[in-house]
4 protein chains.
Amino acid sequence: MAETAAKTPEKPQRKLKTRIGTPTHEIHRLLFRGKDTLNELVGKITFTEGVFLAVTGKLPTRQQTQILDACLVILMDHGITPSALVARLVADTVPTDVQVPIAAGLLTVGNKFMGTIAGAGALLQKGVESGKPPREWAAETVAEALKAKRRFPGFGHPDYFPDDPRTMRLFEVAKSVGVSGRYIEMIKLLETEIEKQGGKRVPLNATGAIGALLCEIDFPVAAMRGVAVISRSAGLLAHALEELETGSSWPVMQMVMNAVPYDDE
Amino acid sequence: MAETAAKTPEKPQRKLKTRIGTPTHEIHRLLFRGKDTLNELVGKITFTEGVFLAVTGKLPTRQQTQILDACLVILMDHGITPSALVARLVADTVPTDVQVPIAAGLLTVGNKFMGTIAGAGALLQKGVESGKPPREWAAETVAEALKAKRRFPGFGHPDYFPDDPRTMRLFEVAKSVGVSGRYIEMIKLLETEIEKQGGKRVPLNATGAIGALLCEIDFPVAAMRGVAVISRSAGLLAHALEELETGSSWPVMQMVMNAVPYDDE
Amino acid sequence: MAETAAKTPEKPQRKLKTRIGTPTHEIHRLLFRGKDTLNELVGKITFTEGVFLAVTGKLPTRQQTQILDACLVILMDHGITPSALVARLVADTVPTDVQVPIAAGLLTVGNKFMGTIAGAGALLQKGVESGKPPREWAAETVAEALKAKRRFPGFGHPDYFPDDPRTMRLFEVAKSVGVSGRYIEMIKLLETEIEKQGGKRVPLNATGAIGALLCEIDFPVAAMRGVAVISRSAGLLAHALEELETGSSWPVMQMVMNAVPYDDE
Amino acid sequence: MAETAAKTPEKPQRKLKTRIGTPTHEIHRLLFRGKDTLNELVGKITFTEGVFLAVTGKLPTRQQTQILDACLVILMDHGITPSALVARLVADTVPTDVQVPIAAGLLTVGNKFMGTIAGAGALLQKGVESGKPPREWAAETVAEALKAKRRFPGFGHPDYFPDDPRTMRLFEVAKSVGVSGRYIEMIKLLETEIEKQGGKRVPLNATGAIGALLCEIDFPVAAMRGVAVISRSAGLLAHALEELETGSSWPVMQMVMNAVPYDDE
């Protein structure tokens, strides 16, 4: 084959840039999302304010910060969850690099558990975009879902009934800092309609409530699962350190190995 | 082989427990490191205070929180770093699960870059444990390291000279909130001795300064790299979202492919 | 709340077992998918045969092995791809644990690139299940997809036109070992119909061909992406080792940093 | 600060290249480690031969392939290990992207378990480089280790005593294909000396034997852990698929949660 045939067809070069931050080699400036990192951010804002800035490009109001803090704090840990167990098993075999067990544990922050935050947020955004009166929208949405036997993201919990105490506390915090609005209203209407139309109570759980609260503070739906990721990274750090100190992986593995026998039938 | 030989030798069962948090199925209580999550933490503390609590089991003082916030904010991003590039490449191929690119990017928070925080912290802890007067300890430590041609964790930077502006800002923040002490003193003495004995200035960089500051607030050395992990998870969330929005991976890959040719010599 | 309310509702315990393999503590036997590992497998079968056994529970025929080997070999590497670049960037920062860069690189084996193997496989399975004559099925499927502006998994390539030479070689191998059948027939019919109905040629690419070949050897669709994962793990090992030896990450990062400037507009 | 100060200091550009493989955009050739991928490799070699080529740049002899196959087959699975449990927990929460649970599980292939292959290999390489007669080297090495209370990588097993049956089988395979040599001799001498000098038998385990065998076939020490990574990726694929089919994660998590209570003392 002729060498001249080897040329890659020209592709229009997209304009490459990032608006997140400057690299360290630009030694005359250190910017993060349009702010002077050293003079406007370090020592001036909390990490939570930094998270909001990172995602939206804007510094949050006091109310937005308080809500984001409440969400970040409540998601940090729930004891020995799949994410914690994964982090602990990996910490035991890679004890020298704590970022490895944390990263492994974070991989579990998928659709099944915390991904429902964004699911609830997206549903509420669609509701607002529909322009329908909230009560009408909720009634129609629940009717459709029941017909299609579809479950709602952010509703139901294997342990909490009739209410998820975390939901109640999150709404209490929202009220106390003066955050209220149509997203909270709409998700409560969904809860009411699910019970009314479905004939049994399915409580709004913590991830559903967080989805609504993050909508209220203009936190983008695409970034919502990231709140769980950041928050849980702190909880998993604690689990990885505890594992290195007290070591529970090995007895847990023995228990699991004995409980899950080999059976080739 | 006889079946009787198959029995696993008995092993003493370690007492298994976790002091991090309660699982959700304990519906009458929700505890995190000895605190009532809903009534003492959510809506009461910031996420940064939660991080300190997660790692140490104690709520921080106002000063400890301010220092930890400064460290978390300054480590959030440095533009297109290896961690950001990894997260963006993975976001492009796994666009549906934002935890996957974040976790991939966090794997790079290794010894080479941010692991030096803990290296500096450990060195300072050893210095304090030695019981020697700081100046004497610094002089001896530098002399030994120069002889062994060993580099110090937290010193030197390819771009910043003669000073790392981040170091100066971090120490300024520490001073303004009233945090000072032997760790800061000792790391500054190291910087002086390195220049004096080595004959050329090697500036204390941001990770070295963070190591000293985290020592000052009683943040354990084993958890120090975790500060970079938590902080960077927010920066990587921003990069993953930007990648999904504007897509820079493909042109970057084309550039890299063209710059790194195949050559089997 | 009364303590008595705290009990978790009883859940029926699923019968737990695994049919993959025995744990090492069952010292009188070592089984893998029903086979005696030491006496029937080690020294008796190739790794590729082991892969087939792992996934299907059956040892492959000679033809099945030859096809699986061809697929595993062809997917091993394509130079500096996103997976290779990710592995190299992580190898540079975690040089002590080669499994970490390999795992990071494997995370990119997502839907965008190699996931199309399973997409093509699933499409063909559906075609067979439809019971329609292949030509009719292909014509209808292409017509529907064109109408919905849907692209076919396993078709088209930015560089290869009018044919993907890898596809041609894979089909040549299939023919030479005597593997042919309705899946290969159907995917070729799709290629023909796409050109006929769409008015321009969109070549069947390597992942589409692999999807068809893996269908021919009864390799389950759910496991198809795994072939790319196993195969690429070998290529990424080579990249991680090369990175540790010759170090290309840092100059590549400098190039990328310079090419993607910070711009906050 | 003057803009002129902003220039990054010039750094000599390293010559960038890869000898692994060509990118797909070089449409006139497809090379992998100096071989023509389509004409010399696909349909001609097994995947195991490809692994050897990827790592060493050379195609293996028949003996080298047989040994590498035996090592890859024996490491594929050991039932519900930490790697399998991690993969299953992640599969349950990220069911759509099978590369994610496999990558998570591979992170556990660390120093504690399979990393000992490379440890044993490195020890033997050092022994050969010492130039000492094998028996003398083994006696000295064991004497030093006993004095320093250092354990040998690749020796001892919680379940197998007095012999690890996998070790015996691997050496049997080596003998049957005509592979023998100083590495096997030296590791057997170590086993003898450990028993003689230490006063109790510590059996050579499978990872130690694999380290010796991989030395015999000129497989580089730096790549040895990669054999476990590639091999285990197949076992973890099987576990991820079984998890998606039969779902054991949730009952296992319930058992573990109940077994590891929260206790803040």
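The values are calculated or read from the model by the stated rules, or taken from the named source; none is laboratory data. Please read all numbers here as calculations on a predicted model, not as lab measurements. In this analysis, Cβ positions are derived from the backbone assuming ideal geometry, glycine residues included, and neighbour counts consider all displayed protein chains.
Results, tabulated for the structure shown:
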{"item": "Residues located in the stretch B:205-221, provided they are on the phi < 0 side of the Ramachandran plot and outside any helix (DSSP H, G or I)", "result": "B:205, B:217, B:219, B:220"}
{"item": "Pair list, Cβ under 6 Å, 6 or more apart: the stretch D:22-45 residue aromatic (Phe, Trp, Tyr), other residue in a loop (DSSP other than H, G, I, E, B)", "result": "D:32/C:77"}
{"item": "Which numbered condition residue D:20 misses (of (1) modelled with pLDDT of 95 or more; (2) more than 30 Å from residue A:25 (Cβ to Cβ))", "result": "(2)"}
{"item": "Set D:233, D:248, D:180: member being in contact (Cβ under 8 Å) with a residue 12 or more places away in the chain, over 25 Å from residue D:71 (Cβ atoms) and of a type in the set (Gly, Ala, Ser)", "result": "D:248"}
{"item": "Residue selected from the stretch D:225-243 under the condition out of contact with any Phe, Trp or Tyr (no Cβ under 9 Å at 6 or more places or on another chain) and more than 7 Å from chain C (Cβ to nearest Cβ), by the criterion surrounded by the most Cβ atoms within 10 Å (Cβ to Cβ)", "result": "D:236"}
{"item": "Members of the stretch A:105-163 that are among the β-branched types (Val, Ile, Thr) and in contact (Cβ under 8 Å) with a residue 40 or more places away in the chain", "result": "A:109, A:116, A:117, A:128, A:141, A:142"}
{"item": "Criterion violated by residue C:150 - all others in (1) among the charged types (D, E, K, R); (2) more than 26 Å from residue C:110 (Cβ to Cβ); (3) under 25 Å from the mean Cα position of the chain (by Cα); (4) exposed (fewer than 14 other Cβ atoms within 10 Å of the Cβ) satisfied", "result": "(2)"}
{"item": "Index of the failed condition, residue B:219 passing every other in (1) under 14 Å from the mean Cα position of the chain (by Cα); (2) at the interface with chain A (Cβ under 10 Å from one of its Cβ atoms); (3) hydrophobic (A, V, I, L, M, F, W, C)", "result": "(2)"}
{"item": "Qualifying residue in the stretch B:23-39 (condition: in contact with a Phe, Trp or Tyr (Cβ under 9 Å, 6 or more places away or on another chain) and buried (at least 24 other Cβ atoms within 10 Å of the Cβ))", "result": "yes"}
{"item": "Checking residue D:113 against (1) within 19 Å of residue D:234 (Cβ to Cβ); (2) crowded, with 22+ Cβ neighbours inside 10 Å; (3) at the interface with chain A (Cβ under 9 Å from one of its Cβ atoms), the condition it does not meet", "result": "(2)"}
{"item": "Residue match in the stretch A:186-204 (condition: part of a loop (DSSP other than H, G, I, E, B) and among the β-branched types (Val, Ile, Thr))", "result": "yes"}
{"item": "Single unsatisfied condition, residue B:259 versus (1) surrounded by fewer than 19 Cβ atoms within 10 Å (Cβ to Cβ); (2) facing chain A (nearest Cβ under 8 Å)", "result": "(2)"}
{"item": "Enumeration of residues in the stretch C:88-110 that are more than 10 Å from chain D (Cβ to nearest Cβ) and among the β-branched types (Val, Ile, Thr)", "result": "C:90, C:93, C:94"}
{"item": "Check on residue A:149, farther than 30 Å from residue D:87 by Cβ, out of contact with any strand residue (DSSP E or B) (no Cβ under 8 Å at 6 or more places or on another chain) and at pLDDT below 95", "result": "yes"}
{"item": "Residue count, the stretch B:52-109 (criterion: among the small types (Gly, Ala, Ser) and touching an Asp or Glu at 6+ places or on another chain (Cβ under 6 Å))", "result": "1"}
{"item": "Flag if residue C:135 is more than 23 Å from the chain's Cα centre (by Cα), surrounded by 13 or more Cβ atoms within 10 Å (Cβ to Cβ) and either within 14 Å of chain D (Cβ to nearest Cβ) or more than 26 Å from residue D:100 (Cβ to Cβ) (or both)", "result": "yes"}
{"item": "Every residue from the stretch C:39-62 that is within 7 Å of another protein chain (Cβ to nearest Cβ) and of a type in the set (A, V, I, L, M, F, W, C)", "result": "C:41, C:42, C:45, C:47, C:51, C:54, C:55"}
{"item": "Filter pass, residue C:240 being in a helix (DSSP H, G or I), of a type in the set (Gly, Ala, Ser) and out of contact with any Pro (no Cβ under 9 Å at 6 or more places or on another chain)", "result": "no"}
{"item": "Selected residue (criterion: surrounded by the fewest Cβ atoms within 10 Å (Cβ to Cβ)) from residues of the stretch D:48-95 that are within 16 Å of the chain's Cα centre (by Cα) and among the charged types (D, E, K, R)", "result": "D:69"}
{"item": "Residue list for the stretch B:210-265, filter: closer than 30 Å to residue D:29 by Cα and of a type in the set (Gly, Ala, Ser)", "result": "B:247, B:248, B:249, B:259"}
{"item": "Which numbered condition residue D:130 misses (of (1) farther than 18 Å from residue D:187 by Cα; (2) surrounded by fewer than 24 Cβ atoms within 10 Å (Cβ to Cβ))", "result": "(1)"}
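Conditions tested, residue by residue: (1) at pLDDT below 95; (2) more than 7 Å from every other protein chain (Cβ to nearest Cβ); (3) in contact with a Lys or Arg (Cβ under 6 Å, 6 or more places away or on another chain); (4) at negative phi.
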{"site": "D:8", "(1), (2), (3), (4)": "yes, no, no, yes"}
{"site": "D:12", "(1), (2), (3), (4)": "yes, yes, no, yes"}
{"site": "D:27", "(1), (2), (3), (4)": "yes, no, no, yes"}
{"site": "D:35", "(1), (2), (3), (4)": "no, yes, no, yes"}
{"site": "D:64", "(1), (2), (3), (4)": "no, yes, no, yes"}
{"site": "D:68", "(1), (2), (3), (4)": "no, yes, no, yes"}
{"site": "D:76", "(1), (2), (3), (4)": "no, no, no, yes"}
{"site": "D:86", "(1), (2), (3), (4)": "no, no, no, yes"}
